[in-house]
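The values are calculated or read from the model by the stated rules, or taken from the named source; none is laboratory data. Being a predicted model, the structure only gives us computed values, none of them experimental. In this analysis, Cβ positions are derived from the backbone assuming ideal geometry, glycine residues included, and neighbour counts consider all displayed protein chains.
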Amino acid sequence: MSYPYQIKSFEEYQQAYKRSVQDPEGFWGDVAENFTWRKKWDKVLEWNFKEPKVEWFKGGKLNITENCIDRHLETMGEKPAIIWEPNNPEERTRTVTYNRLHKRVCQVAQMLKNNGVKKGDRVCIYMGMVPELAYAILGCARIGAIHSVIFGGFSAQSIADRLEDANAEFIITCDGAYRGEKVIPLKNVIDDALIGNKTVKKVIVYTRTRTPVSMIKGRDIWWEDEMEFAEHQVEKEGKVFFEAEAMDAEDPLFILYTSGSTGKPKGVVHSSGGYMVWTNYTFVNVFQYQQGQIHFCTADIGWITGHSYIVYGPLSAGGTSLMFEGIPTYPSCSRFFDIVDKYKVNILYTAPTAIRSLIGFGDEPYKNNDLSSLQILGTVGEPINEEAWHWYDEHIGKKKCPIVDTWWQTETGGVLISNLAGITPAKPSWATLPLPGVQPILVDEKGEAITKKDEQGLLKGNLCIKAPWPSILRTTYGDHERCRTNYFATYENLYFTSDGALKDENGFYRITGRVDDVLNVSGHRIGTAEVENAINMHAGVVESAVVGYPHDIKGQGIYAYVIIDGKHAADDEQTRKNILQTVTRVIGPIAKPDKIQFVKGLPKTRSGKIMRRILRKIAEGETQNLGDTTTLLDPNVVDEIKNGKL
């Protein structure tokens, strides 16, 4: 499979970028011609950022699974689509060819149909990193059901909130999941999440860990039994067939929940046509993918990175995607690199958090590894610091592998700003240039374009995008007004990323981090309001305020200032443990604060607003330049907090 739209030189990048801005309809129409459509579109693009309303390939009909699977069968049926490496390196690995993937996805589609799932229904998927998770996602897409994958680290309460918001009627889960030395009892968590739920009709359970589970008659069914039954239905005369549902290009493909600046998670909705074109285009260009290369994205499919660059991007390009069940340090800190050598991995795409955690082991992670198969390295999830970039370059890439530093978000669907491997220039810790079709702008608080450079000769401001790209989010599920207010209302006619950025004289961008009340912890977005709500549910807590602070491994850590009532103030350490347990119960372990400082009061304005700006500076170790504190109701509170800093 060749990619006529793959950029092969810096000059080609410049030409493609120029055309994508001047003639977006012509540019993306040409790219989209390379996919399988049931019916061609009537219009490539119609949009306004006021409502907001964005439509790509309007009137076009397609099914994304025909583009990820069926169109490859004739020429690549026996080529590996997914290689699966289990948590335990002693366990048998699996190589799933495109033919096998086709059969399994058809079976899942038939299984879902047998259980009453229809086009437009929401199916919640809460599974470990097993191939069946990919089959489940693609099986939903094949019948036009909207999948909503929830990361296996979320608590029952977080799942219950997401089930309710999506009004989901179906769940696919596992009995349990392996994660390093831990076994996570997924089905038990689902059972807790379903207490009081009135909408879920069926729970399909895949057997992975043989964890004892309760199976409720009429509601809970075994994956294996249902798949066996479906197998006979999709296999006819030695051929496998299940007709894929024709989807409108703008039909929703999936919902993925992400933390917002309010306590309620928001369901980002991505469409079928535009998302497909963008994930494929960015995969092929950013990683300069060549047929036969093995692409190892270490993310979990519970996050957008796994959706776009383990499943949809690589498979739509006829690539080979390596899927890993475990963690980078189990059974040893060389696990990632053992996998690279075992499968002769060509592209390694991981998070700065993982890189920073491995740096702490000295040369132990890579000293016994060859790593000569690696051709391209990538980072995702958060800005990478220079020290980690150089370690990655020298010790893992042996200074011969381009590093792509990719910036994007759940809402963007795929990479927006990144160098293209070996084609456009790299700059340590800079995401560099926008992809064709992406029009960034830096603005001040009023939405005016930044034109004045700082003392380093850089432009610095809030990062916005001027025009839509094919995989921009279409709405937030069930609440379009929330989509408008969050992303399009801050600055007129601009998509606001909520990130700050720098721009240098070459037009390169460096992302400086969130400028709203959302933290980026180990590449996972967590709303401060969500964490505060969880802390405040603990019986002894009167009030709390949460901010981010620099963390050596995670990038950002969570710092909580907590006021405790008199009855619960006896044992600080025990109270801290109880609060952490409460947060784990309400959200999940990923949201646990790294530091909890007990305070008598919080810095508030006379109108009652907590001045998080002051708390953030104190958490970062800045105790002198805290700005004007005279507007505070009680300025003395600030000194008390400074003196008690952890």
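Kindly establish whether Ala449 is without any contact (Cβ under 8 Å) to a residue 24 or more places away in the chain, under 17 Å from Val21 (Cβ atoms) and not basic (Lys, Arg).
Spelling it out, Ala449 is indeed without any contact (Cβ under 8 Å) to a residue 24 or more places away in the chain, under 17 Å from Val21 (Cβ atoms) and not basic (Lys, Arg).
Filter region 228-264 down to residues that are under 29 Å from the mean Cα position of the chain (by Cα) and more than 30 Å from Lys58 (Cβ to Cβ), then give me how many there are.
5
Mind listing whichever residues of region 172-183 are buried (at least 18 other Cβ atoms within 10 Å of the Cβ) and of a type in the set (A, V, I, L, M)?
Looking only at region 172-183, we keep the residues that are buried (at least 18 other Cβ atoms within 10 Å of the Cβ), and these are 172-179.
If the condition is that a residue be buried (at least 18 other Cβ atoms within 10 Å of the Cβ) and of a type in the set (A, V, I, L, M), then Ile172, Ala177 are the ones that fit.
Of a type in the set (Val, Ile, Thr) and under 25 Å from Phe57 (Cβ atoms), is that true of Ile450?
Numbers: of a type in the set (Val, Ile, Thr): yes; under 25 Å from Phe57 (Cβ atoms): no.
Here the answer is no, as Ile450 does not meet what is asked.
Restricting region 236-258 to residues that are surrounded by 15 or more Cβ atoms within 10 Å (Cβ to Cβ) and among the charged types (D, E, K, R), which is nearest to Val105 (Cα to Cα)?
Glu245
Might you check whether a residue that is surrounded by fewer than 24 Cβ atoms within 10 Å (Cβ to Cβ), within 16 Å of the chain's Cα centre (by Cα), of a type in the set (Phe, Trp, Tyr) and not in a helix (DSSP H, G or I) occurs anywhere in region 297-312?
So far as region 297-312 goes, yes, one or more of its residues are surrounded by fewer than 24 Cβ atoms within 10 Å (Cβ to Cβ), within 16 Å of the chain's Cα centre (by Cα), of a type in the set (Phe, Trp, Tyr) and not in a helix (DSSP H, G or I).
Kindly indicate the residue of region 520-550 that is without any contact (Cβ under 8 Å) to a residue 40 or more places away in the chain and among the hydrophobic types (A, V, I, L, M, F, W, C) and also farthest from Glu620 (Cα to Cα) among those meeting that condition. Don't jump to the end; show me each part of the working.
If we filter region 520-550 for residues that are without any contact (Cβ under 8 Å) to a residue 40 or more places away in the chain, which is where we start, we get 536, 539-542, 544.
Retained after the next criterion (residues that are among the hydrophobic types (A, V, I, L, M, F, W, C)): 539, 541-542.
On the way: Ala539: 29, Val541: 24, Val542: 24 Å.
For region 520-550, the residue satisfying everything is Ala539.
Can you say whether Arg92 is over 23 Å from the mean Cα position of the chain (by Cα) and not polar (S, T, N, Q), as far as the supplied structure shows?
So Arg92 fits the description; yes.
Which one of these does Asp370 not meet: (1) touching a residue at least 40 places away in the same chain (Cβ under 8 Å); (2) more than 30 Å from Pro440 (Cβ to Cβ); (3) in a loop (DSSP other than H, G, I, E, B)?
(1)
If you go through region 377-394 one residue at a time, do you hit one that is in a strand (DSSP E or B), touching a strand residue (DSSP E or B) at 6+ places or on another chain (Cβ under 8 Å), of a type in the set (Val, Ile, Thr) and modelled with pLDDT of 95 or more?
Checking region 377-394: at least one residue is in a strand (DSSP E or B), touching a strand residue (DSSP E or B) at 6+ places or on another chain (Cβ under 8 Å), of a type in the set (Val, Ile, Thr) and modelled with pLDDT of 95 or more.
Are any residues in region 444-481 farther than 25 Å from Trp430 by Cβ, within 20 Å of the chain's Cα centre (by Cα) and not in a loop (DSSP other than H, G, I, E, B), and if so, which ones?
Scanning region 444-481 gives Thr475, Thr476.
When you check Tyr98 against the structure, is it buried (at least 24 other Cβ atoms within 10 Å of the Cβ), closer than 28 Å to Pro589 by Cβ, at pLDDT 95 or above and touching a Gly at 6+ places or on another chain (Cβ under 9 Å), yes or no? Reasoning before the result, please.
Working: buried (at least 24 other Cβ atoms within 10 Å of the Cβ): yes; closer than 28 Å to Pro589 by Cβ: no; at pLDDT 95 or above: yes; touching a Gly at 6+ places or on another chain (Cβ under 9 Å): yes.
Criteria not met by Tyr98.
Show the residue pairs that are 6+ apart or on different chains and have beta-carbon atoms under 7 Å apart, the first residue being within region 56-72 and closer than 19 Å to Val44 by Cα, the second being of a type in the set (A, V, I, L, M, F, W, C) and assigned to a helix (DSSP H, G or I).
Close Cβ pairs satisfying both conditions: Phe57/Ala32; Ile64/Ala141; Ile64/Met276; Asn67/Met276.
Taking the stated definitions as given, is Glu543 more than 30 Å from Glu448 (Cα to Cα), outside any helix (DSSP H, G or I) and of a type in the set (D, E, K, R)?
It is true that Glu543 is more than 30 Å from Glu448 (Cα to Cα), outside any helix (DSSP H, G or I) and of a type in the set (D, E, K, R).
Select, from Gly313, Gly273, the only residue that is out of contact with any helix residue (DSSP H, G or I) (no Cβ under 6 Å at 6 or more places or on another chain) and not β-branched (Val, Ile, Thr).
Step by step, each of Gly313, Gly273 is checked, and only Gly273 is out of contact with any helix residue (DSSP H, G or I) (no Cβ under 6 Å at 6 or more places or on another chain) and not β-branched (Val, Ile, Thr).
Under 9 Å between Cβ atoms, at least 6 apart or on separate chains: pull out the pairs that start in region 194-223 with a residue that is over 23 Å from Asp161 (Cα atoms) and in the same structural domain as Ser148 (by TED's automatic domain parsing) and end on any residue that is of a type in the set (Ser, Thr, Tyr) and in a loop (DSSP other than H, G, I, E, B).
Filtered contacts from region 194-223: Trp222/Thr207; Trp223/Thr207.
Within region 181-210, which residues are over 14 Å from Ile221 (Cβ atoms) and polar (S, T, N, Q)?
Once the filter is applied, which keeps residues that are over 14 Å from Ile221 (Cβ atoms) and polar (S, T, N, Q), region 181-210 yields Asn188, Asn197, Thr199, Thr209.
Regarding region 184-195, can at least one residue be identified that is outside any helix (DSSP H, G or I) and touching a strand residue (DSSP E or B) at 6+ places or on another chain (Cβ under 7 Å)?
Yes, the conditions are met somewhere in region 184-195.
Can you tell me which residue within region 112-171, out of those that are of a type in the set (Phe, Trp, Tyr) and in contact (Cβ under 8 Å) with a residue 60 or more places away in the chain, is surrounded by the fewest Cβ atoms within 10 Å (Cβ to Cβ)?
Step by step, filter region 112-171, then rank; the result is Phe151.
Would you check which residues across region 482-491 are assigned to a loop (DSSP other than H, G, I, E, B) and either buried (at least 21 other Cβ atoms within 10 Å of the Cβ) or free of Cβ contacts under 8 Å to residues at least 12 places away in the same chain (or both) and list them? Explain how you work it out, then say what you get.
Applying the first criterion (assigned to a loop (DSSP other than H, G, I, E, B)) to region 482-491 yields 489-491.
Once the filter is applied, which keeps residues that are assigned to a loop (DSSP other than H, G, I, E, B) and either buried (at least 21 other Cβ atoms within 10 Å of the Cβ) or free of Cβ contacts under 8 Å to residues at least 12 places away in the same chain (or both), region 482-491 yields only Ala489.
Test of understanding: among Glu386, Glu325, which residue is surrounded by 19 or more Cβ atoms within 10 Å (Cβ to Cβ), among the charged types (D, E, K, R), in contact (Cβ under 8 Å) with a residue 12 or more places away in the chain and not assigned by TED's automatic domain parsing to the domain that holds Glu91?
Going through Glu386, Glu325 in turn, just one is surrounded by 19 or more Cβ atoms within 10 Å (Cβ to Cβ), among the charged types (D, E, K, R), in contact (Cβ under 8 Å) with a residue 12 or more places away in the chain and not assigned by TED's automatic domain parsing to the domain that holds Glu91: Glu325.
Scan Val404, Val415 and give me the residue that is hydrophobic (A, V, I, L, M, F, W, C), part of a strand (DSSP E or B) and either free of Cβ contacts under 8 Å to residues at least 12 places away in the same chain or closer than 19 Å to Lys8 by Cα (or both).
None of the other options fit; the residue is Val404.
May I ask you to list the residues in region 551-563 that are more than 9 Å from Ala619 (Cβ to Cβ) and assigned to a strand (DSSP E or B)?
Once the filter is applied, which keeps residues that are more than 9 Å from Ala619 (Cβ to Cβ) and assigned to a strand (DSSP E or B), region 551-563 yields His551, Gly555, Gln556, Ile558, Ala560, Val562, Ile563.
To keep it simple, each residue is scored yes or no on (1) touching a His at 6+ places or on another chain (Cβ under 8 Å); (2) more than 25 Å from Trp28 (Cβ to Cβ); (3) acidic (Asp, Glu); (4) modelled with pLDDT under 90.
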site: Ser471; (1), (2), (3), (4): yes, no, no, no
site: Arg482; (1), (2), (3), (4): no, yes, no, no
site: Asn486; (1), (2), (3), (4): no, yes, no, no
site: Asp499; (1), (2), (3), (4): no, no, yes, no
site: Ile526; (1), (2), (3), (4): no, yes, no, yes
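Of the residues that sit in region 347-365 and are surrounded by fewer than 21 Cβ atoms within 10 Å (Cβ to Cβ) and assigned to a loop (DSSP other than H, G, I, E, B), which one is nearest to the chain's Cα centre (by Cα)?
Only one residue fits best here, namely Gly360.
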